[in-house]
1. Might you let me know whether region 24-45 holds any residue that is part of a loop (DSSP other than H, G, I, E, B), out of contact with any Leu (no Cβ under 6 Å at 6 or more places or on another chain) and surrounded by fewer than 11 Cβ atoms within 10 Å (Cβ to Cβ)?
2. Scan region 67-88 for residues that are outside any strand (DSSP E or B) and either surrounded by fewer than 17 Cβ atoms within 10 Å (Cβ to Cβ) or hydrophobic (A, V, I, L, M, F, W, C) (or both) and report the count.
3. Run down Ala95, Ala13 and say which single residue is assigned to a helix (DSSP H, G or I) and touching a Leu at 6+ places or on another chain (Cβ under 7 Å).
4. For region 1-42, which residues satisfy the criterion of being touching a Lys or Arg at 6+ places or on another chain (Cβ under 7 Å) and of a type outside the set (D, E, K, R)?
5. Tell me, which residue of region 49-66 that is surrounded by 15 or more Cβ atoms within 10 Å (Cβ to Cβ) and aliphatic (A, V, I, L, M) is farthest from Trp31 (Cα to Cα)?
6. State which residue is surrounded by the fewest Cβ atoms within 10 Å (Cβ to Cβ) when the search covers only region 89-129 and only residues that are β-branched (Val, Ile, Thr) and closer than 15 Å to Glu3 by Cβ.
7. Please enumerate the residues belonging to region 28-61 that are of a type in the set (Ser, Thr, Tyr) and more than 18 Å from Val129 (Cα to Cα).
Amino acid sequence: MVENVPPAQTWEALNNDPEARLVDVRTEGEWNSVGIPDVSATGKQVVLLPWQAVPGGPVNPGFLDGLRTAGLTAESHLYFICRSGARSAAAAEAAREAGFATVYNVSSGFEGSRFSAGWKGQNLPWRAV
């Protein structure tokens, strides 16, 4: 099972763990309309890789290959984020099953839900695309 971690803990890992990488699995439309996490202060870049072409649609068949193409390896510590934490949990589980040993789900996602503040709501760095 994939561990859920809050956005602030993810930000801390990105700053302190050289193997930590953030994978944003939302759609291109979501990135363009609400922005993306800005991890440039960590010396890293967020990996933008859709889990689905549209929320609720079929899984991106190139998703796992996309992780590898982005330079991620079994040794990488991967933090998956989506809008609220649901799609990213599925993506993290698929990555774990494919051999990425250290994976996490950003529990409240980028935007959060009515129950919790996400990345943006916790005032973590983000930028428009």
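Only the coordinates and a few stated rules stand behind these numbers; no lab work does. This is a predicted model, so every value here is computed, not measured. No Cβ is skipped: glycine too gets one built from the backbone with ideal geometry, and neighbour counts run over all protein chains shown.
1. Yes; the residues of region 24-45 include at least one that is part of a loop (DSSP other than H, G, I, E, B), out of contact with any Leu (no Cβ under 6 Å at 6 or more places or on another chain) and surrounded by fewer than 11 Cβ atoms within 10 Å (Cβ to Cβ).
2. 11
3. It is Ala95.
4. Of everything in region 1-42, those that are touching a Lys or Arg at 6+ places or on another chain (Cβ under 7 Å) and of a type outside the set (D, E, K, R) turn out to be Val2, Leu14, Val25, Gly35, Ile36.
5. Leu64
6. Thr102
7. Passing the criteria: only Thr42.
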